[in-house]
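Peer 1: After the structure tokens below, expect a handful of questions from me.
The values are calculated or read from the model by the stated rules, or taken from the named source; none is laboratory data. Fair warning: this is a prediction, and the values are worked out from it, not measured in the lab. No Cβ is skipped: glycine too gets one built from the backbone with ideal geometry, and neighbour counts run over all protein chains shown.
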Amino acid sequence: MIYDIESMETGKILATEICVIGSGPAGLSVADTIARRSNKKVAILESGAFKMEADTEALSSGTKSGLIEEQLEELHARRVGGTANHWILKLADKSNGYRYAELDEIDFEKREYVPYSGWPVSKEELTPFYYKAREAYCDLGDNHDLWRCHPVDHAVHTDSFAFGPTSVFTGKLPEKIAASSQVDLYTHATVTKLLRRDGKITAAQIKTLGGKEFLINAETFVLAGSGFEVPRLLLHSGVGNEYDVVGRYYMDHSLIISGYFHPRDLNVIKKYKFLDMRLVEGKNKMRFFSFNRDRLMDYRIPNMATMVFPKPGVVAMNGHRSAQHLAECLLRQHRLPVYPGALTDMINTLRATPYLARLVYKRYFKGISLMPGLAAGGWSKIAELAREFERIEVMSLVEQYPHPENRVTLTNDLDRLGVPKVHVNLQWHDDQLQDLRRGSRLMLEAIQGVIPEIGDYQLPDAEEEFYSNTAHHLMGTTRMGNDVRTSVVDRDCKVHSIDNLFIAGSSVFTTGGFANPTLTIMALGIRLGEHIASANQFLRPVDPDGSHRHRQDDMESASGNAIEISV
């Protein structure tokens with residue numbers, strides 16, 4: 001069932017067996033697995049509802065430094081489905097989708113040149129759960145060639161990204177919960193603090209923007225929020241931070257422009273149309289280049305997935321980028337853009353007006369994208385590539401090494417519910433920058449060797465072009481490990497110092513590889529859900545003061561009415 005907690009009588013104490021805080025891919029996969037594998041009662045608490053609500057999203061606001069360009073509240077979503085609501089990659093059927101990829105075996109291993117690397121679990125241990133995630137939520141299974149790498153030469157191979165609809169998390173699973181008598185989803189239920197006694201979480205404090213307050217008791221709690229919100233809640237609650245690790249080791253994936261190729265005849269790239277996003281056995285896929293494991297170790301470089309896209313010339317590219325900046329600012333501020341560089345963006349846009357007009361016409365009237373990239377394919381179907389494009393862009397999705405000074409901390413500024421806002425710092429550090437530049441050049445040389453017709457390569461003209469935007473994959477802030485001095489949760493995702501508190505989501509990643517984290521989030525979520533479902537003994541529900549009370553089979557009656565889901 002689904003309840004809007006704003007409709008309930010304030011001050012109630014609710015009770016359940018498993019309390020999952022957050023309804024994104026992590027929370028939904030944990031809750032759904034527990035429900036499928038046991039008869040335990042599950043409650044999911046979601047800060048928002050089903051649509052974007054500005055006041056609710058504003059609870060995520062904070063300050064930032066370093067690589068992050070966007071406002072913090074734009075990097076994750078407080079609504080049912082979580083950050084999946086932001087995934088707008090266009091699939092072949094024009095629906096919104098997202099990218100699937102598994103972490104590589106090397107991503108789980110200890111690498112001497114990658115500080116703080118080495119997961120406490122192996123790829124082999126997680127492989128069965130990757131399969132379950134693909135089968136249960138992605139409808140992929142192992143029936144086609146999406147999950148096998150293809151050697152190209154001694155240095156590189158090609159592998160595949162697969163794509164699936166975001167509606168799995170914004171529609172399918174919420175609809176399943178709406179019909180369930182075992183799982184209850186509470187909307188507008190923002191958890192502001194965890195209450196602890198004797199090494200256990202006894203209750204979670206809930207507040208609403210409407211001024212209501214609640215407590216919920218549970219035998220087991222699972223934090224399934226974003227990589228910013230989970231450490232924020234732990235830090236504010238004074239939980240799990242005995243060694244000052246919570247919030248540290250924040251990682252993201254960066255999209256970098258490795259360089260450009262200038263072939264004599266751009267149409268030669270059509271021989272390699274398998275690199276374009278396309279349908280294979282009814283599934284969207286895109287191939288990429290990646291270094292073989294031994295080469296990564298020999299070169300001592302971060303893991304990376306490298307893709308090639310035909311692109312227009314410099315004037316058109318600058319105009320497209322500037323037009324995006326202006327549009328984003330206009331939508332955010334609802335007035336003429338005023339920011340450093342706004343005048344340059346306006347000039348760039350004016351200079352590229354003929355190209356931008358053709359781009360809009362081709363996109364909306366012909367269904368052809370003249371700016372192919374991570375979110376839009378189809379370039380292999382364009383009749384004459386040389387008429388529309390001037391060069392081939394090489395873009396890489398790259399691993400960022402964990403570093404303790406990339407972190408989430410609390411500030412003295414409070415949100416409307418009285419919770420301290422966060423400051424997030426994310427920087428490239430010199431030790432990785434050298435590895436990254438070297439790896440980028442080596443990949444250009446490898447592609448040149450594989451596709452000799454592609455011509456000579458050109459490195460980016462400026463550092464700011466090389467270090468492109470982050471991918472908004474919020475990883476590592478409550479990392480997994482065996483050493484309590486450098487990790488927050490153990491190999492079972494349990495907070496080291498708390499017997500009944502677990503964390504699901506990308507914040508437990510020890511390292512992040514280059515893969516989009518969603519598939520690994522689901523695999524870990526299923527693994528955690530099965531672990532919780534199979535536990536033989538659970539604590540009885542307790543009141544916030546630590547006293548035991550009788551177990552209840554169902555959620556304590558509430559005055560709110562169940563609401564119908566509309567997605």
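Peer 1: Is there any pair linking a residue in segment 115-140 that is within 21 Å of Tyr249 (Cβ to Cβ) and at pLDDT 95 or above to one that is of a type in the set (Phe, Trp, Tyr) and part of a helix (DSSP H, G or I), with Cβ under 8 Å and at least six apart or on different chains, and which?
Peer 2: Pairs found: Gly118/Phe108; Trp119/Phe108; Val121/Phe108; Ser122/Phe108; Lys123/Phe108; Leu126/Phe108.
Peer 1: Do we have Arg335 as of a type in the set (Lys, Arg) and either surrounded by 16 or more Cβ atoms within 10 Å (Cβ to Cβ) or modelled with pLDDT of 75 or more (or both) here? Working first, answer last.
Peer 2: Working: of a type in the set (Lys, Arg): yes; either surrounded by 16 or more Cβ atoms within 10 Å (Cβ to Cβ) or modelled with pLDDT of 75 or more (or both): no.
So Arg335 does not fit the description; no.
Peer 1: A further question follows. Return only the number of the condition from (1) closer than 21 Å to Lys94 by Cβ; (2) in contact with a His (Cβ under 9 Å, 6 or more places away or on another chain); (3) in a helix (DSSP H, G or I) that Met371 does not satisfy.
Peer 2: (3)
Peer 1: Same structure again: Checking the structure you have, find out if any residue of segment 360-375 is out of contact with any Asp or Glu (no Cβ under 9 Å at 6 or more places or on another chain), surrounded by 17 or more Cβ atoms within 10 Å (Cβ to Cβ) and without any contact (Cβ under 8 Å) to a residue 12 or more places away in the chain.
Peer 2: yes
Peer 1: Go through Asp294, Asp265 for me and flag whichever is under 24 Å from Leu459 (Cβ atoms) and out of contact with any strand residue (DSSP E or B) (no Cβ under 7 Å at 6 or more places or on another chain).
Peer 2: Values: Asp294 fails: under 24 Å from Leu459 (Cβ atoms).
On inspection, the qualifying residue turns out to be Asp265.
Peer 1: In segment 422-463, how many residues are over 27 Å from the mean Cα position of the chain (by Cα) and among the small types (Gly, Ala, Ser)?
Peer 2: Summing the residues that are over 27 Å from the mean Cα position of the chain (by Cα) and among the small types (Gly, Ala, Ser) in segment 422-463 gives 4.
Peer 1: If you take the residues of segment 296-314 that are in a helix (DSSP H, G or I) and in contact (Cβ under 8 Å) with a residue 40 or more places away in the chain, which of them is surrounded by the most Cβ atoms within 10 Å (Cβ to Cβ)?
Peer 2: Result: Leu296.
Peer 1: Filtering segment 219-240 down to residues that are in contact (Cβ under 8 Å) with a residue 60 or more places away in the chain and over 21 Å from the mean Cα position of the chain (by Cα), which residue is nearest to Gln458 (Cα to Cα)?
Peer 2: That would be Leu235.
Peer 1: Among the residues that make up segment 296-314, is at least one of them modelled with pLDDT of 85 or more, among the polar types (S, T, N, Q) and out of contact with any helix residue (DSSP H, G or I) (no Cβ under 8 Å at 6 or more places or on another chain)?
Peer 2: Checking segment 296-314: not a single residue is modelled with pLDDT of 85 or more, among the polar types (S, T, N, Q) and out of contact with any helix residue (DSSP H, G or I) (no Cβ under 8 Å at 6 or more places or on another chain).
Peer 1: May I ask you to say which residue of Met277, Met317 is free of Cβ contacts under 8 Å to residues at least 12 places away in the same chain, aliphatic (A, V, I, L, M) and crowded, with 16+ Cβ neighbours inside 10 Å?
Peer 2: Met317
Peer 1: Looking only at segment 8-26, which residues are surrounded by fewer than 24 Cβ atoms within 10 Å (Cβ to Cβ) and either among the aliphatic types (A, V, I, L, M) or in a helix (DSSP H, G or I) (or both)?
Peer 2: Passing the criteria: Met8, Ile13.
Peer 1: Follow-up. Among residues belonging to segment 233-274 that are of a type in the set (D, E, K, R) and in a loop (DSSP other than H, G, I, E, B), point out the one that is surrounded by the most Cβ atoms within 10 Å (Cβ to Cβ). Give the steps one after another, and end with the answer.
Peer 2: Narrowing segment 233-274 to residues of a type in the set (D, E, K, R): 242, 244, 248, 252, 264-265, 270-271, 273.
Next cut, in a loop (DSSP other than H, G, I, E, B) only: 242, 244, 248, 252, 264-265.
On the way: Glu242: 13, Asp244: 10, Arg248: 25, Asp252: 23, Arg264: 9, Asp265: 11.
That would be Arg248.
Residue by residue, here is whether (1) touching a helix residue (DSSP H, G or I) at 6+ places or on another chain (Cβ under 9 Å); (2) aliphatic (A, V, I, L, M); (3) in a helix (DSSP H, G or I) holds:
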| position | (1), (2), (3) |
| --- | --- |
| Glu6 | no, no, yes |
| Leu28 | yes, yes, yes |
| Thr33 | yes, no, yes |
| Ala49 | yes, yes, no |
| Met52 | yes, yes, no |
| Thr63 | yes, no, no |
| Glu69 | no, no, no |
| Arg78 | yes, no, no |
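Peer 1: Another one. For segment 383-397, give me each residue that is hydrophobic (A, V, I, L, M, F, W, C) and either outside any loop (DSSP other than H, G, I, E, B) or closer than 22 Å to Ala162 by Cα (or both).
Peer 2: Those that are hydrophobic (A, V, I, L, M, F, W, C) and either outside any loop (DSSP other than H, G, I, E, B) or closer than 22 Å to Ala162 by Cα (or both): Leu385, Ala386, Ile392, Val394, Met395, Leu397.
Peer 1: Does Glu405 satisfy the condition of being surrounded by 18 or more Cβ atoms within 10 Å (Cβ to Cβ) and among the acidic types (Asp, Glu)?
Peer 2: no
Peer 1: Of the residues Ser396, Ser322, which single one is touching a residue at least 12 places away in the same chain (Cβ under 8 Å), in contact with a Ser or Thr (Cβ under 6 Å, 6 or more places away or on another chain), within 25 Å of Met277 (Cβ to Cβ) and not basic (Lys, Arg)?
Peer 2: Only one candidate qualifies: Ser396.
Peer 1: In segment 349-360, what residues are of a type outside the set (Val, Ile, Thr), assigned to a helix (DSSP H, G or I) and over 32 Å from the mean Cα position of the chain (by Cα)?
Peer 2: Scanning segment 349-360 gives Leu350, Arg351, Pro354, Tyr355, Ala357, Arg358.
Peer 1: For segment 191-207, does any single residue satisfy the condition of being surrounded by fewer than 22 Cβ atoms within 10 Å (Cβ to Cβ), under 26 Å from Phe509 (Cα atoms), touching a helix residue (DSSP H, G or I) at 6+ places or on another chain (Cβ under 6 Å) and not aromatic (Phe, Trp, Tyr)?
Peer 2: Yes - at least one qualifying residue is present in segment 191-207.
For (1) among the hydrophobic types (A, V, I, L, M, F, W, C); (2) surrounded by fewer than 18 Cβ atoms within 10 Å (Cβ to Cβ), each residue gets a yes or a no:
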| site | (1), (2) |
| --- | --- |
| Leu45 | yes, no |
| Ala58 | yes, yes |
| Thr63 | no, yes |
| Leu72 | yes, no |
| Arg79 | no, no |
| Trp87 | yes, no |
| Pro120 | no, yes |
| Asp139 | no, yes |
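Peer 1: Of the conditions (1) at pLDDT 90 or above; (2) touching a helix residue (DSSP H, G or I) at 6+ places or on another chain (Cβ under 8 Å); (3) surrounded by fewer than 20 Cβ atoms within 10 Å (Cβ to Cβ), Asp153 fails just one. Which one is it?
Peer 2: (1)
Residue by residue, here is whether (1) in contact with a Pro (Cβ under 7 Å, 6 or more places away or on another chain); (2) in contact (Cβ under 8 Å) with a residue 60 or more places away in the chain holds:
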position: Leu433; (1), (2): no, no
position: Gly439; (1), (2): yes, yes
position: Ala446; (1), (2): no, yes
position: Pro452; (1), (2): no, no
position: Tyr457; (1), (2): no, yes
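Peer 1: Of everything in segment 156-179, what is among the hydroxyl-bearing types (Ser, Thr, Tyr) and either under 16 Å from the mean Cα position of the chain (by Cα) or modelled with pLDDT of 90 or more (or both)? Give them in sequence order.
Peer 2: Those that are among the hydroxyl-bearing types (Ser, Thr, Tyr) and either under 16 Å from the mean Cα position of the chain (by Cα) or modelled with pLDDT of 90 or more (or both): Thr166, Ser167, Thr170.
Peer 1: Can you say whether Asp107 is modelled with pLDDT of 90 or more, touching a Gly at 6+ places or on another chain (Cβ under 9 Å), of a type in the set (Asp, Glu) and crowded, with 22+ Cβ neighbours inside 10 Å, as far as the supplied structure shows?
Peer 2: Yes.
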